[in-house]
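Any read-out appearing in this document is the output of simple, stated calculations on the displayed coordinates, not a laboratory observation. Quantities reported herein were computed from a predicted structural model and do not represent experimental measurements. Neighbour counts run over all protein chains shown; Cβ positions are idealised from the backbone, glycine included.
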Amino acid sequence: MLLSRDYFKNTNTVMLAEDLLGKYLVRDLGNGQLMKSMIIETEAYHGETDQACHARFGKTDRNQVMYREGGVWYVYLCYGIHWLLNIVTGERDFPSAILIRGIADASGPGRVTKKLGIDKSFYGLAATLESGLWVEDHGYCSNGKIDITPRIGIDYAGECAKKPWRFVLKDDLIKIKNGKN
DNA sequence: TACTCGATCGGA
DNA sequence: CCGATCGAGTAA
């Protein structure tokens, strides 16, 4: 079933990031083709006090969508090359989001968007059928098979770099094919 | 305006 | 290890 707007309005971004593991990212290519991939890696970014969060310097043109009510996509360009996909969480005016770092057939945040054909055009769109990109719960239960680690690539974030806000599903049944496309 | 560095990745 | 390549922050 489709994850509702209310699901993403939850203010506990860290808990939501863990809960998203095992859910399905669904991309409607518009020609009757649906791509469905299990989410296997996420990271939480929570508020202006989180020194790793893009909102740590306040609202900017790039991050303004993080201040909206949860349930919309935050897509941004990283290192001038890769589009990174986040789902905004929580209440209006509190900036928080979850980075989708990996799906079952594409490990790495840049590969997720490349695989599903996601770019800046999804910025600010709601995670609904109409937008062509949404999240479904297929009833998968992780049953504690989850690695919890600090977030990747944020060494500049001081004490916040130590927060255990990265979640990885480790399930022997999941085959990760590192397709280079 | 001129730097510097970043929620990355693929190739040498 | 290094380069690609662009937007945000900082200093001036």
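Which of the residues that make up the range A:68-90 are closer than 26 Å to A:Lys162 by Cβ and either surrounded by fewer than 24 Cβ atoms within 10 Å (Cβ to Cβ) or not hydroxyl-bearing (Ser, Thr, Tyr) (or both)?
A:Gly70, A:Tyr76, A:Cys78, A:Tyr79, A:His82, A:Leu84, A:Leu85, A:Asn86, A:Ile87, A:Val88, A:Gly90
Do we find that A:His54 is over 12 Å from the mean Cα position of the chain (by Cα), surrounded by 14 or more Cβ atoms within 10 Å (Cβ to Cβ) and more than 22 Å from A:Lys163 (Cβ to Cβ) in this structure?
In short, no.
Within the range A:20-44, take every residue that is in contact (Cβ under 8 Å) with a residue 60 or more places away in the chain and part of a loop (DSSP other than H, G, I, E, B) and give me the one that is farthest from the chain's Cα centre (by Cα).
Step by step, filter the range A:20-44, then rank; the result is A:Gly30.
Take the residues in the range A:45-58 that are assigned to a loop (DSSP other than H, G, I, E, B) and in contact with a helix residue (DSSP H, G or I) (Cβ under 6 Å, 6 or more places away or on another chain), then tell me which one is nearest to A:Phe94 (Cα to Cα).
A:Glu48
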